[in-house]
Amino acid sequence: MKLLICGIAALLIYGCFSSSSGRNFNSSQTDLVKEGISNRADVLKILGEPNSKTITKESDNLQELWVYVYVNLRSSIGSAEMVSKSFSVGFDSLGIVTITSFSTQTSNSGAGK
């Protein structure tokens, strides 16, 4: 019985967890990817493998889109915080970066809200 009470007390005191999805990347590294200059090899060297790769055809031109996503959820009793980052890189048929897009979002809920 004492063990059960201690276990419940520990959950109440230390009732927190953290979970993440994707591989975290340094947001400042996205500035190193330059439109019209960087290529696939450069992006791989800077950020590693993306979470997803998509190929589309646009006006007879093949376009490739790489997406990097990271989400982290931290929770404790009465509050939670979610941080998400996304970086998308588009390449032309020669493998040169044509477009980039970075976004980040932080959401808080619970205590103090």
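Just so you know, all these numbers are worked out from the coordinates, no wet-lab data involved. What you are looking at is a predicted structure, and each value in this text was computed from that prediction instead of being measured.
Summarise the long-distance tail of P(r) for the stretch 16-110 by giving the % of C-alpha pairs beyond 17 Å. Walk me through the intermediate numbers first.
Working: 2394 of 4465 pairs.
Tail fraction, whole percent: 54.
Going by amide H atoms built from the backbone, whose H comes under 5 Å of the H on I99, apart from near neighbours?
Those lying under 5 Å, H to H, from I99 are G90.
Given 0.36 nm per residue, what is the gain on full extension from R23 to S79 after removing their alpha carbon distance, in nm?
Working: separation 56, 0.36 × 56 = 20.16 nm, distance 2.41 nm.
Here the segment from R23 to S79 would lengthen by 17.7 nm.
Excluding residues fewer than 8 places away in the same chain, name every one of the aspartates and glutamates whose C-alpha is closer than 17 Å to that of K85.
D31, E49
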